[in-house]
Amino acid sequence: MCAATVKKSAAEDVINMNRITELKEEIEVKKKELQNLEDACDDIMLTDDDCLMIPYHFGDGFISHSQEETQEMLEEAKKNLQEEVDSLECRVESIQWVLADLKFQLYVKFGNNIQLEADDS
């Protein structure tokens, strides 16, 4: 029974570590997208022509909007993307808490006879 518990905990640990890696990769992609949106906002602010129609990527095509409308759409997209990043970071943190609890329980039970430290490189 004891060996089965260790195997189950180890399997959960591996799954959780893989999930954390996937979530961190997704966070990095979304942060790059967020930076691109911020760069687009900065570029639009530097535009002097208020009559300029700016193409905005929407689905599979582009829709032209005024500078002000495009700026508002970019701000909304940034807000939504930041909420997604925050949510993903929260999920990573909750998985890390689960892993810390598992690690604590295993160290209490087995002491330093096991090696649970993950390589974060």
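The values are calculated or read from the model by the stated rules, or taken from the named source; none is laboratory data. Every value quoted in this text rests on a predicted model; they were computed, and no experiment measured them. Cβ sites come from the backbone with ideal geometry, for glycine too, and all protein chains shown count toward neighbours.
Taking the condition of being under 29 Å from residue 29 (Cα atoms) and among the basic types (Lys, Arg), how many residues in the stretch 88-112 meet it?
The total comes to 1.
Please state which of the following conditions residue 48 fails to meet, knowing it meets all the rest: (1) modelled with pLDDT under 90; (2) assigned to a helix (DSSP H, G or I).
Tallying (1) modelled with pLDDT under 90; (2) assigned to a helix (DSSP H, G or I), residue 48 fails exactly one: (2).
Considering only residues that are hydrophobic (A, V, I, L, M, F, W, C), assigned to a strand (DSSP E or B) and touching a Ser or Thr at 6+ places or on another chain (Cβ under 6 Å), which ones fall in the stretch 51-76?
54
Looking at the stretch 34-50, which of its residues are surrounded by 15 or more Cβ atoms within 10 Å (Cβ to Cβ) and more than 14 Å from residue 70 (Cβ to Cβ)?
The one that is surrounded by 15 or more Cβ atoms within 10 Å (Cβ to Cβ) and more than 14 Å from residue 70 (Cβ to Cβ): 34.
Which residue out of 78, 103 is within 22 Å of residue 54 (Cβ to Cβ) and either polar (S, T, N, Q) or in contact (Cβ under 8 Å) with a residue 12 or more places away in the chain (or both)?
Going through 78, 103 in turn, the sole match is 78.
For every residue, the table says whether it meets (1) of a type in the set (Val, Ile, Thr); (2) touching a helix residue (DSSP H, G or I) at 6+ places or on another chain (Cβ under 8 Å).
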position: 29; (1), (2): yes, no
position: 33; (1), (2): no, yes
position: 42; (1), (2): no, no
position: 48; (1), (2): no, no
position: 55; (1), (2): no, no
position: 59; (1), (2): no, no
position: 65; (1), (2): no, yes
position: 72; (1), (2): no, no
position: 76; (1), (2): no, no
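Can you spot a residue in the stretch 5-18 that is surrounded by 10 or more Cβ atoms within 10 Å (Cβ to Cβ), within 27 Å of residue 102 (Cβ to Cβ) and at pLDDT 85 or above?
Yes, because at least one residue in the stretch 5-18 is surrounded by 10 or more Cβ atoms within 10 Å (Cβ to Cβ), within 27 Å of residue 102 (Cβ to Cβ) and at pLDDT 85 or above.
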